[in-house]
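Worksheet: one structure, shown below.
The values are calculated or read from the model by the stated rules, or taken from the named source; none is laboratory data. The structure displayed is predicted, hence computed values, not measured ones. Glycine gets a Cβ as well: all are built from the backbone with ideal geometry, and neighbour counts include every protein chain shown. The area values use the complete protein model at the heavy-atom level, side chains included, leaving out ligands, DNA and RNA. Shrake-Rupley method; radii C 1.70, N 1.55, O 1.52, S 1.80 Å.
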Amino acid sequence: MAQLIDGKAIAAQVRGEIREAVSAWTALGHRPPCLRVLLVGDDPASASYVRGKQKAALEVGIDADTLTYESDISEAELLRIIDRLNRDAGVDGILVQLPLPAHIDEQKVIYALNPDKDVDCFHPANVGRIMIGEPRFLPCTPAGIMEMLRRTGIETRGARAVIVGRSNIVGKPMANLLLQKGVDATVTVCHSRTRDLPAITRQADLLVAAIGRAHFITADMVREGAAVIDVGINRVEDASRPRGYRLAGDVDFDAVREKAGWITPVPGGVGPMTIAMLLQNTLKAARRS
Ligand code: NDP
């Protein structure tokens with residue numbers, strides 16, 4: 001039976017450390033780190049993520065606020081708002097909650113962010129810096145996973161890591177962090193065109209699932225004793241829940257936990273770590289400015 005990696009508890013520990021660091025920072029006479037979150041439209045999942053981020057930021061002493069806009073805001077107007085925040089010396093971190101409505105070019109918006117305030121670490125300048133091992137910020141979800149691995153004592157040096165998913169938000173930056181010198185995993189990245197996926201995932205000492213399909217990773221795809229990190233957040237219909245759904249990961253948790261050595265739950269695994277890393281990036285941005 002796998003040991004549970006309690007992301008919720010580890011994230012609480014990290015947030016406690018950040019809270020202390022923010023107090024030490026303001027005790028030196030600096031203003032609190034300042035984060036502005038931009039939320040466009042009324043997607044309930046996005047609104048819920050943003051609420052979670054703002055609440056967590058306020059709790060550690062970050063001056064956090066969410067600027068909300070109607071879904072019909074023009075791309076030009078959104079770019080103007082970002083430009084204003086970019087130039088505002090009182091703002092350290094800017095986060096644009098994705099996805100954006102279809103008429104707004106997400107790439108254009110990401111490129112418009114001042115890389116020094118890009119606390120999500122999506123700007124190409126920041127992505128490139130990770131690639132060459134000179135990060136300014138760390139991408140929140142992969143960095144949260146790295147922190148969980150470190151604090152749990154899971155060895156990455158020389159480990160075979162298999163990542164399923166190649167998105168710019170999770171899969172690719174995860175591969176980059178695992179490849180860094182000192183982390184030293186041997187990394188394979190899989191995607192929807194990968195041939196014989198189970199044969200590859202079965203080789204993993206460390207398996208990261210970032211697919212977006214509930215229960216996709218089944219027990220037969222997992223090596224005995226492997227560390228399994230479940231990034232997926234999927235809504236699964238469940239009439240017994242007041243909302244009519246529950247959250248499920250990309251891993252068939254009940255079956256895989258019988259075989260794995262370590263496993264993260266959903267919810268309470270990677271999700272809380274992602275938010276903790278956002279707070280860490282915001283503090284870093286404040287210190288840099
Ligand atoms: P994307 O949809 O951008 O990427 C999904 C990836 O999975 C793609 O690379 C895709 O391959 C691959 N894939 C899809 N189907 C298959 C298949 N049958 N076999 C192998 N690979 C497949 O998703 P994200 O990376 O943004 O997110 C993944 C999941 O993680 C989602 O559930 C999301 O909600 C969650 N998430 C959770 C976060 C957290 O904090 N816990 C943060 C961010 C995301 P291809 O490229 O070929 O299409």
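A few points about this structure:
- The single condition among (1) open to solvent by less than 30 Å² (accessible area, probe 1.4 Å); (2) within 20 Å of P173 (Cβ to Cβ) that T194 does not meet is (1).
- Residue within region 67-87 that is in contact (Cβ under 8 Å) with a residue 60 or more places away in the chain, out of contact with any Pro (no Cβ under 8 Å at 6 or more places or on another chain), aliphatic (A, V, I, L, M) and under 25 Å from A286 (Cα atoms) present: no
- Residue in region 243-258 that is open to solvent by less than 10 Å² (accessible area, probe 1.4 Å), more than 16 Å from the ligand (Cβ to nearest atom) and in a loop (DSSP other than H, G, I, E, B) present: no
- Criterion violated by G232 - all others in (1) more than 10 Å from the ligand (Cβ to nearest atom); (2) open to solvent by less than 10 Å² (accessible area, probe 1.4 Å); (3) within 30 Å of E59 (Cβ to Cβ) satisfied: (1)
- Selection status of N168, assigned to a loop (DSSP other than H, G, I, E, B) and polar (S, T, N, Q): yes
- Test: residue in region 185-208 that is among the charged types (D, E, K, R) and under 20 Å from the mean Cα position of the chain (by Cα): no
- So V119, is it under 14 Å from the mean Cα position of the chain (by Cα) and modelled with pLDDT of 95 or more: yes
Matching residues to (1) out of contact with any helix residue (DSSP H, G or I) (no Cβ under 9 Å at 6 or more places or on another chain); (2) polar (S, T, N, Q); (3) surrounded by fewer than 16 Cβ atoms within 10 Å (Cβ to Cβ); (4) at pLDDT 95 or above:
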residue	(1), (2), (3), (4)
A24	yes, no, yes, yes
G29	yes, no, yes, yes
A45	yes, no, yes, no
E59	no, no, yes, yes
D72	yes, no, yes, yes
A76	yes, no, yes, yes
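- Close pairs (8 angstrom Cβ cut-off, 6 or more residues apart or separate chains): at positive phi in region 130-143, more than 16 Å from the ligand (Cβ to nearest atom) anywhere: G133/Q180; G133/K181
- Candidates I130, I145, I82, filtered to the one that is under 23 Å from G52 (Cα atoms), among the hydrophobic types (A, V, I, L, M, F, W, C), surrounded by 17 or more Cβ atoms within 10 Å (Cβ to Cβ) and within 16 Å of the chain's Cα centre (by Cα): I145
- Of the residues examined, G171 is one that is under 14 Å from L207 (Cβ atoms) and out of contact with any Lys or Arg (no Cβ under 6 Å at 6 or more places or on another chain).
- Qualifying residue in region 268-279 (condition: over 21 Å from A9 (Cβ atoms) and more than 10 Å from the ligand (Cβ to nearest atom)): no
- Exactly one residue among R150, R195, R160 is within 24 Å of G268 (Cα to Cα) and among the charged types (D, E, K, R), and that residue is R150.
- Top-ranked residue in region 148-186 [being of a type in the set (A, V, I, L, M, F, W, C) and open to solvent by 40 Å² or more (accessible area, probe 1.4 Å); ranked as farthest from the ligand (Cβ to nearest atom)]: L179
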